[in-house]
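Beneath this line is the structure, given in structure tokens, with notes to follow.
The values are calculated or read from the model by the stated rules, or taken from the named source; none is laboratory data. The structure displayed is predicted, hence computed values, not measured ones. Here the Cβ positions follow ideal geometry from the backbone for every residue, glycine too, while neighbour counts run over all protein chains shown.
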Amino acid sequence: MLPIWAYAGYKLNRELKSKQVPLLALAAAFSFVIMMFNAPIPGGSTGHAVGAAIIAIVLGPWAAVVSISVALIIQAFVFGDGGITAIGANCFNMAVVMPFVAYILYKVISGKSPIGSVRRLAAVAIAAYVSLSVAAGFTGFEFGLQPYLHTDANGNPMYMPYGFEVAVPAMLIEHVFGFSILEAIISMLIFAYLQRTDQSLLMGTSGLKVNKEPQKAAPAV
Amino acid sequence: MTIPAWMSKVDSAPCEYRVARGGRKNFVRKSIDGVVRFFGESMASESYANRPGLLQGLDPRIKLVSILAIVISVSLTRDIKVLAVVYALVLLFALLSRIGPLFFIKRVWLFIPLFTGVIAFPIIFNIFTPGDSLVVLAAPGPGVRLGPLALPDTISITGQGVMTASVFTLRVATSVSAVVLLFLTTRQDMLFKSFRAIGMPKVYVLVMDMCYRYIFIFMEVIRDLYTAKKSRTIRNQSLADDWKWVGSRIGYTLVKTLDMSEKVHRAMMSRGFTGDVKLMNDFQARKRDYVALSATLAFSLALVLISQNIIKV
């Protein structure tokens, strides 16, 4: 995880300059609070989105890596969701795998279609659905790997007792038939809202590339 | 005129945040409750961080390194007695730092059934941990399968399974307690700055610090969005309409985020920000900090040695 963070920092440094600090800070705050938006689920329960896909699509994957990582670290340290030793794995699944899978799928599927097109909407839904499922699969894989890596002297697993045959399906099934569907629908609705209201955000210029034009000097007064 | 006594008295106890009870809890109510609870908890943490206690008086960098050492060594420990001792020590330090023990224990154990319990619970059965049966639950007979798993002839709770699950849960509880103790006794801005000590680049420290502040602003935005909906709807809407509304509000918040970051950027530029991050270094380690650091490092080392069977207990 460390080299990815270092590279993300380098990449952003070059492309965003001074603007990166407020943009990333606020994007991270947004990634943090997106989980507070509850939506109703048939059957009287509620759920919320992870939001990594939509953040990657709007801000670009590298900005997503940094802002989601920051949100996860704050969650672990400041709000006591624990998971300090797992933070590397956590960030890898949710702040690297998910945004990149989502971003690449979105780019490939949407192609050169107009910003307001239905095809882009479908691309967002598929990107969100697949990226969360893949991230869940990775998590299951990491869980499943543990009994092979860490066992005590008697051969008993130290951390996770479940092998691949249990961990991967367990993580995948609940996501493929549940959480990923919710993520896809909500991401699509967010995207539809942005299509209706502010298409300039979806041109791929709001995140990384915004400062490629030379910084305008403040008018001297 | 003198200031009345009740006004000059500073009450540093965590204030109670109450959410209205009763009635059906739909997604609107749940969201508002979530935000209110969030504010309540952060207020409580802040009040603890400002109390005069043992850990509050230590250098945040020392605390961060010490707690990380403890967490790492705990993650290697698999002896339940050793884990229990470490957990008791963490509780003791919480007490010495004037943190209400009930509040502390509740805070830690609230999440554990949800996340750890789900993982730990199946371990107690002989499906996952073969061993000596304590209680036989069912006897489906030979050859029954559950998905990819071949079920054994009888399903029972095993002694080894209960042991593994307890060790697993206690280990998580101990590490989470240690980290909760760290942030309850450290002011957030100090905590972020202390990350410098473990090599986090300045720009990330600044981003985290700003992010933390804007989380509160966005939380208020969300509370207001949901409160506005609650006060303007008089009947239930269709699921599709509700979902559309949630999607549009997240989209709106995203638009607001980007717009606000633009404004914040301009405000920073106009105050002389050039992209070069400068942080004030206001830490000063004293003698007691070094004593604390050596004590925790020695303790962690002992834990590691015990876990590797180099020291026998």
### Summary
When the stretch B:22-42 is checked residue by residue, the ones that are at pLDDT 75 or above, in contact with a Ser or Thr (Cβ under 9 Å, 6 or more places away or on another chain) and facing another protein chain (nearest Cβ under 9 Å) are B:ASN26, B:PHE27, B:VAL28, B:LYS30, B:SER31
### Task
Specify which of the listed residues (A:VAL70, A:VAL65) is modelled with pLDDT of 75 or more, farther than 20 Å from B:THR253 by Cβ and crowded, with 24+ Cβ neighbours inside 10 Å.
A:VAL65
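Kindly evaluate A:ILE54 against the criterion of being modelled with pLDDT under 80, touching a Leu at 6+ places or on another chain (Cβ under 8 Å), under 30 Å from B:TYR214 (Cβ atoms) and not acidic (Asp, Glu). Please lay out each step first, then the result.
On the way: modelled with pLDDT under 80: no; touching a Leu at 6+ places or on another chain (Cβ under 8 Å): yes; under 30 Å from B:TYR214 (Cβ atoms): yes; not acidic (Asp, Glu): yes.
The answer is no for A:ILE54.
Go over the candidates B:GLN237, B:GLN188 one by one and state the one that is surrounded by 14 or more Cβ atoms within 10 Å (Cβ to Cβ) and modelled with pLDDT under 85. So that I can check it myself, show each step before the final result.
Numbers: B:GLN237 fails: surrounded by 14 or more Cβ atoms within 10 Å (Cβ to Cβ).
Unique residue meeting the criteria: B:GLN188.
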### Task
Sort out which residues of the stretch B:272-294 are part of a loop (DSSP other than H, G, I, E, B), more than 14 Å from chain A (Cβ to nearest Cβ) and farther than 14 Å from B:VAL203 by Cα, and write them in order of number.
B:ASN281, B:ASP282, B:PHE283, B:GLN284, B:ALA285, B:ARG286
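Determine whether the stretch B:233-248 contains at least one residue that is under 17 Å from A:SER31 (Cβ atoms) and within 9 Å of chain A (Cβ to nearest Cβ). Reasoning before the result, please.
First, the residues of the stretch B:233-248 that are under 17 Å from A:SER31 (Cβ atoms): B:246-247.
So of that shortlist, the ones also within 9 Å of chain A (Cβ to nearest Cβ) come out as B:246-247.
For the stretch B:233-248, residues under 17 Å from A:SER31 (Cβ atoms) and within 9 Å of chain A (Cβ to nearest Cβ): present.
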### Task
Go through the stretch B:186-206 residue by residue and tally those that are assigned to a helix (DSSP H, G or I), more than 29 Å from B:GLY53 (Cα to Cα) and without any contact (Cβ under 8 Å) to a residue 60 or more places away in the chain.
1
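Just to be sure, is B:TYR212 more than 22 Å from B:SER45 (Cα to Cα), hydroxyl-bearing (Ser, Thr, Tyr) and in contact with a Phe, Trp or Tyr (Cβ under 9 Å, 6 or more places away or on another chain)? Spell out the reasoning first.
Details: more than 22 Å from B:SER45 (Cα to Cα): no; hydroxyl-bearing (Ser, Thr, Tyr): yes; in contact with a Phe, Trp or Tyr (Cβ under 9 Å, 6 or more places away or on another chain): yes.
Against the criterion (more than 22 Å from B:SER45 (Cα to Cα), hydroxyl-bearing (Ser, Thr, Tyr) and in contact with a Phe, Trp or Tyr (Cβ under 9 Å, 6 or more places away or on another chain)), B:TYR212 does not qualify.
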### Task
Would you please name the residue that is farthest from A:ILE57 (Cα to Cα), looking only at residues in the stretch A:90-126 that are touching a helix residue (DSSP H, G or I) at 6+ places or on another chain (Cβ under 7 Å) and charged (D, E, K, R)?
A:ARG119
### Message
For the stretch A:118-138, check the following and say yes or no: at least one residue is among the aromatic types (Phe, Trp, Tyr), free of Cβ contacts under 8 Å to residues at least 40 places away in the same chain and out of contact with any strand residue (DSSP E or B) (no Cβ under 6 Å at 6 or more places or on another chain).
### Response
no
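Just checking, how many residues over the stretch B:261-300 are of a type in the set (Phe, Trp, Tyr) and within 30 Å of A:GLN20 (Cβ to Cβ)? It would help to see each step written out before you state the result.
Step one: of the stretch B:261-300, the residues of a type in the set (Phe, Trp, Tyr) are B:273, B:283, B:290, B:299.
So of that shortlist, the ones also within 30 Å of A:GLN20 (Cβ to Cβ) come out as B:273, B:283.
Of the residues in the stretch B:261-300, 2 are of a type in the set (Phe, Trp, Tyr) and within 30 Å of A:GLN20 (Cβ to Cβ).
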### Query
Of all residues in the stretch B:43-54, how many are buried (at least 19 other Cβ atoms within 10 Å of the Cβ) and within 13 Å of chain A (Cβ to nearest Cβ)?
4
### Task
Looking only at the stretch A:36-62, count how many residues are more than 9 Å from chain B (Cβ to nearest Cβ) and under 24 Å from A:GLN195 (Cβ atoms).
8
